[in-house]
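Values in this text are rule-based calculations from the coordinates and carry no lab data. All values reported here derive from a predicted model rather than from experimental measurement. A quick note on method: Cβ atoms are made from the backbone with ideal geometry, for glycine too, and the neighbour counts reach across all protein chains shown.
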Amino acid sequence: MRKTPFSSMAVLVIAIVFSSAPLSLAQSARRPLAVRSQSGTSTTDLSGVWLEKQNLITFSAKEPAFQPWAEAKYKAAKPGYGPHATPDSQDPVLNCYPPGVPRIMLIPFPMQIIQIPGQLMMVFEYDHFVRFIDLERRQHPKDLSPSWMGDSIGRWEGDTLVVDTVGLNDKTWLDQVGHPHSDALHVMERIRRPDHDTLVDDVTIDDPKAYMKPWNGQQIFTLKRGWHLLEYICEDNKADPPK
């Protein structure tokens, strides 16, 4: 059985465990790369269980241009991962708060994409969070209240799914090292499947309250044939609070 020792903070170990463990409940060995939408147009089939290939999102080598308050908050952050990890981390995820968007995509656990007419769902093994992407709406609600996962709408541009997410609260970090954001965060993703076993998510972060200009990143996932999602509950694996 796959193990998910998230509380140990050994992020790299998780990927090794995933890749070496026996698996059951095999899925279809191959899937067609094209499906028909309700309108009759051909779109890319993104279905399957996917695991991040690199354990971290690849942003620009340079730090983004911060607004002053955001830079101060970032420098004061105490991450639980990476070279600056501290035992008294302030990372909201380590306190079992929802990761938010885009960080839910960075959590080193599998996710399953399910495509149905008019909607795409991302189901995450981590705490079984579900992200709904509406493929029929073209606008966000005018009276949208900030939430952990925000409101996501999507449209197809050829074989690329363009996902537009707003309405996020300011209680999460963008990544595991503590980049902050405001409630003005606007996340754009371009998700494509360049080959059968690869999923690429190009991310643009636009938050004028926190950063001087938008900044970009890319995440790569690998299809995991034969994998199914296990149950992982954050509270069951939460590390003991520092004394």
Expressed as a whole-number percentage, the relative contact order of the stretch 137-243 with C-alpha contacts under 8 angstrom and at least six residues apart is 16
Can you give the extra length, in nm with one decimal, that the chain gains between Tyr97 and Ala72 once fully stretched, where that is 0.36 nm per residue apart less the Cα-Cα distance? 6.8 nm
Taking just the alpha carbons, could you work out the radius of gyration and Dmax for the stretch 138-188, both in angstroms? 12.3, 35
Counted charge near Trp215, where neighbours are those whose Cβ lies closer than 11 Å (Asp, Glu -1; Lys, Arg +1): -1
How are the Cα pair distances of the stretch 181-223 distributed, in percent, across 10 Å bins from 0? 29, 40, 22, 9
Semi-axes of the equivalent ellipsoid of the stretch 100-176: what are they in whole Å, largest first, if each equals the square root of 5 times a C-alpha gyration tensor eigenvalue? 20, 17, 11
In terms of Cα to Cα distance under 29 Å, which lysines are near enough to Lys142, apart from those fewer than 8 places away along the same chain? Lys171, Lys209, Lys213
Estimated inter-spin distance, Trp148 and Gln218, nm [label 7 Å along Cα→Cβ]: 3.1
Net charge around Ser147, counting only other residues with Cβ within less than 12 Å of its Cβ (Lys, Arg = +1; Asp, Glu = -1)? -1
So how far apart, in nm, are the two label points at Ala65 and Gln119 if each is 7 Å from Cα heading toward Cβ? 4.1
Length gain on complete extension for the stretch Gln90 to Asn237, per 0.36 nm per residue less the alpha carbon to alpha carbon distance? 51.2 nm
